[in-house]
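Here is the structure we will look at.
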Amino acid sequence: MLLFPKDFLWGCSTSAYQVEGAWDQDGKGPSVWDVFTQIPGKINIGHDARIAADHYNRMERDVQLMADIGIRAYRFSISWSRILPQGQGKVNKMGIAFYSKLIDLLLEKDITPWPTLFHWDLPLTLQFEKDGLLNPYIVDAFTEYADVCFYYFADRIKYWLTLNEPYVYAMLGYGFGCMAPGRKSMTEPYLAAHHLLLAHAKIVQLFREKYKHINNGKISLPLNCDWREPLTYKPEDTAAAQRALDFFLGWFADPIFLGDYPESMKVRLGDRLPAFSTDEKDMVRGSADFFALNHYTTHYAEACSEGFENAVPWENGGFAEDQHVKLSSDPTWEKTEMGWNVVPYGLYKLLHWIHKRYGQPETYITENGCAFNDQLDNGCVNDHQRIEFLRGYISECHKAIGEGVKLKGYFVWSLLDNFEWMLGYSKRFGLYYVDFQTAKRIPKASAHWYCNLIKSNSVQELK
Ligand code: GBH
């Protein structure tokens, strides 16, 4: 058995839009996702998240589900338009009451609440009236919203996350157009991301000035990165893999931990990459108290010539051309139901990469998990592939910790099967199976397995 450090934190994650439902209940305003899902053709078989896992109306029981399997920390997100139905201005007290109660119930069960302020459900007003993330206006609007959340909840929160995966919101929402707000552009992702970085940093500044002292709280943001393994040890392929990581994780982590965008991005993107002023650099640098990583998969990376059309299944290959990196997979790699490669050593290598590049930060994995084709059979779901996936990735975490990586916690994505964005309900990531007709929850075998793992604080070694 591989034993984890005594204080290692075991948790699970969800996000508001993916589980809550109750899209217009108790004064909630619409978000970009409430509308995006109504456009025919955008979402798999026309699903939307008006009801989702109905978590808003089952929150008490869901907290009990976590307690049942011994979860120690719960990462959830706050729906901005539930708190501020118009994005700014008047506060919806019923929205405050919902999250306040959630936090209290978690604390009663000794589960540490880890709120994320923004997991992609931007209030629709800010999209309509202010052009969403393309307008620097968003920085102040975001800070105003964060101020409201801190004001009401900071007395009971120790760990805050500002915004989830700016890479995905910028690239898939403004580049590929497959996520809200559905734009396809070669320049807008870099502008949207720039504003997200500034918003994050300004929120952190506000937090440190006004709220940190209350609980000696810590704050960061979950950055997602898939690992890029050089296809060969030829220098051009190792350089290509590094470049791919610059464009994936360095895009955000370099400004925050080192003070500016990676050189490779500046050189290749030219004018398309906005520049930080000196004051902005100072505000962004150091705006994270720990490293929060969401990780799912790995590709090989190799150098390729100019103009190459990338094989990754997104439209608009232009971004791969920016990097001049060709991605590929090993035919022996197992794939999840998302088509994502299962390569546990990728997480191990990425943890070391972060450790080295960003000065050995304290790190939490705020998402890791998988979708498989889970079947309900006689009231049970025997998701042995998920157990093997988690065992593999968690074992690699153990190895990295043994070598000095300061990994402090791990959150499974996800507590519940939920609304998987453009894939609707067709992909199941949960430890709990959700019957979307009745909203009934059934613990999968992986939930029992994770419960034992937490209890023993150890994972069984892979053969
Ligand atoms: C997370 O993002 C989200 O935070 C969460 O809301 C979501 O439900 C969860 O993942 C599961 O999707 O096509 O092989 O190149 C995931 C970020 C970025 C991870 C793209 C996989 C592409 C794999 N993802 N990456 S591949």
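Worth a mention:
- With a Förster radius of 22 Å applied to the beta-carbon distance between Asp110 and Tyr151, the computed FRET efficiency rounds to 0.30.
- Share of Cα-Cα pairs in the range 171-268 lying beyond 17 Å, as whole percent: 63
- As a length-normalised measure over Cα pairs under 8 Å and 6 or more apart, the relative contact order of the range 34-122 settles at 31 percent.
- Relative contact order (percent, whole number), the range 2-459, Cα cutoff 8 Å, 6+ residue spacing: 18
- Computed over protein heavy atoms with a 1.4 angstrom probe, the accessible surface ordering of Glu321, Glu367, Glu334, largest first, is Glu334, Glu321, Glu367.
- Residues of the range 275-291 with amide N under 20 Å of the 7 Å Cα→Cβ point at Asp260: 275-288
- Centroid-to-centroid separation of the range 59-89 and the range 117-137 [C-alpha atoms, Å]: 21
- FRET efficiency, 1/(1 + (r/R0)^6) with R0 25 Å, evaluated for Glu144 and Met94 via beta carbons: 0.80
- In nm, spacing of pseudo-spin labels at Asp279 and Leu206 (7 Å Cα→C-beta vector): 1.7
- Probe 1.4 Å, all protein chains present, accessible-area order of Tyr364, Tyr300, largest first: Tyr300, Tyr364
- This model, with +1 at the C-beta of Lys and Arg and -1 at the C-beta of Asp and Glu, gives the chain a dipole about its Cα centre of some 980 debye.
- Ellipsoid semi-axes for the range 14-132, based on the Cα gyration tensor and the rule √(5λ), read 26, 17, 11 Å when sorted largest first.
- From its DSSP helices (H runs of at least four residues, each -39,500 (n - 2.57)), the chain gives a residue-normalised ellipticity at 222 nm of -11000 deg cm²/dmol.
- Solvent-accessible heavy-atom area per residue, rounded to whole Å², over the range 248-300 at 1.4 Å: 36
- Here the accessible area of the range 22-157 is 51 percent carbon and sulfur, with a 1.4 angstrom probe and all protein chains present.
- FRET efficiency for Val267 and Lys234, using Cβ-Cβ distance with R0 set to 22 Å, rounded to 0.05: 0.55
- Take Arg208: with every protein chain present and a 1.4 Å probe, its accessible area is about 90 Å².
- Overall dimensions of the range 2-459 as given by Cα atoms, namely Rg and Dmax in Å: 20.7, 62
- Amide N proximity, the range 1-23 versus Glu461 label position 7 Å along Cα-to-Cβ, cut-off under 11 Å: 1-3
- Selection among Gly270, Pro40, Leu3 by position relative to the dipole of the chain gives Leu3 as farthest towards the positive end (Cβ unit charges, Cα centre).
- Calculated SAXS-style log₁₀ I(q)/I(0) at q = 0.11, 0.18 Å⁻¹ - the range 1-74, Debye, Cα scatterers: -0.42, -0.80
- Computed log₁₀ I(q)/I(0) - Debye formula, equal Cα scatterers, no solvent, the range 362-439, q 0.14 Å⁻¹: -0.54
- Assuming charge only on the beta carbon of Lys and Arg (+1) and of Asp and Glu (-1), the dipole of the range 138-207 about its Cα centre is about 180 debye to the nearest 20.
- Ranked order, Val342, Val63 - accessible area, probe 1.4 Å, largest first: Val342, Val63
- Estimated at 0.36 nm per residue, the fully extended path between Phe128 and Gln64 surpasses their Cα-Cα distance by 19.2 nm.
- Inter-label distance, Glu403 to His352: 0.3 nm, where each label sits 7 Å from its Cα along the C-beta direction.
- Measuring nothing but alpha carbons in the range 326-458 and taking Rh as the Kirkwood radius, the Rg to Rh ratio lands at 1.00.
- Rel. contact order, % - alpha carbon contacts under 8 angstrom, at least six apart, the range 150-302: 29
- Stokes-Einstein translational diffusion, the range 397-459 - Kirkwood Rh over all Cα pairs, 1.306 mPa s, 10 °C, in µm²/s: 117
The values are calculated or read from the model by the stated rules, or taken from the named source; none is laboratory data. Given the structure is predicted, the values throughout are model-derived calculations rather than measurements. Methodologically, a virtual Cβ is constructed for each residue, glycine included, from the backbone with ideal geometry; neighbour enumeration extends over all protein chains shown. Accessible surface is based on the protein model in full, side chains and every heavy atom, while ligands, DNA and RNA are left aside. Shrake-Rupley method; radii C 1.70, N 1.55, O 1.52, S 1.80 Å.
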